[in-house]
Amino acid sequence: MRDELVPINKKYPLDVLLTACAAYPGARNSRRITMEYVMIKDVNDSPDDARLLAKLMKQYNIPAKFNLIPFNPWPGTHYETSSNNKVHNFSRILNDLGFSAPIRQPRGRDIMAACGQLKSDSENQKLKALIEKRSQAKEPPQEASA
């Protein structure tokens, strides 16, 4: 699943990333590493997911804090935003396990300008332009009229 959600995971798997975080010389309790965690409904928002996340940080001895980010859907995606209750419960579990886990307040969703939505829109525009360019290149030249 991580390969689909985070394509760079194929080049830098989770173990490599967490090992690098654990080796980061500036990391200590007073200078924790911030992990951005996008909450996706029924994908990574369960109480077990929260406990596993905390367990990974402890296993690698990483002084971490989490910014919990409710997923911002865009047209065509099959993922959905986690409910407020699930996000708050996830945060509470991490807090109870010793990790700071504030919830980022989404802004700009109503105009498709929230985190992740702008990039998807620009990618869609690039794809449309490429398809149109290829389509025009395949059209036979028009004959000149007399």
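The values are calculated or read from the model by the stated rules, or taken from the named source; none is laboratory data. Treat the numbers as computed from the prediction; the structure is a model and nothing was measured. In this analysis, Cβ positions are derived from the backbone assuming ideal geometry, glycine residues included, and neighbour counts consider all displayed protein chains.
Tabulated values for the structure
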item: Scan of the stretch 75-86 for residues that are over 15 Å from the mean Cα position of the chain (by Cα) and modelled with pLDDT of 90 or more, ordered by number; result: Ser83, Asn84, Asn85, Lys86
item: Verdict on Val16 being in contact (Cβ under 8 Å) with a residue 12 or more places away in the chain and either part of a loop (DSSP other than H, G, I, E, B) or hydrophobic (A, V, I, L, M, F, W, C) (or both); result: no
item: Set Asn72, Asn89: member being under 16 Å from the mean Cα position of the chain (by Cα), farther than 18 Å from Leu14 by Cβ, touching a residue at least 24 places away in the same chain (Cβ under 8 Å) and surrounded by 14 or more Cβ atoms within 10 Å (Cβ to Cβ); result: Asn72
item: Residue in the stretch 28-47 that is in a helix (DSSP H, G or I) and at pLDDT 95 or above present; result: yes
item: Residues that are touching a Lys or Arg at 6+ places or on another chain (Cβ under 9 Å) and surrounded by fewer than 18 Cβ atoms within 10 Å (Cβ to Cβ), drawn from the stretch 75-86; result: Tyr79, Glu80, Ser83
item: The stretch 83-106: number of residues that are within 26 Å of Ile62 (Cα to Cα) and not in a helix (DSSP H, G or I); result: 9
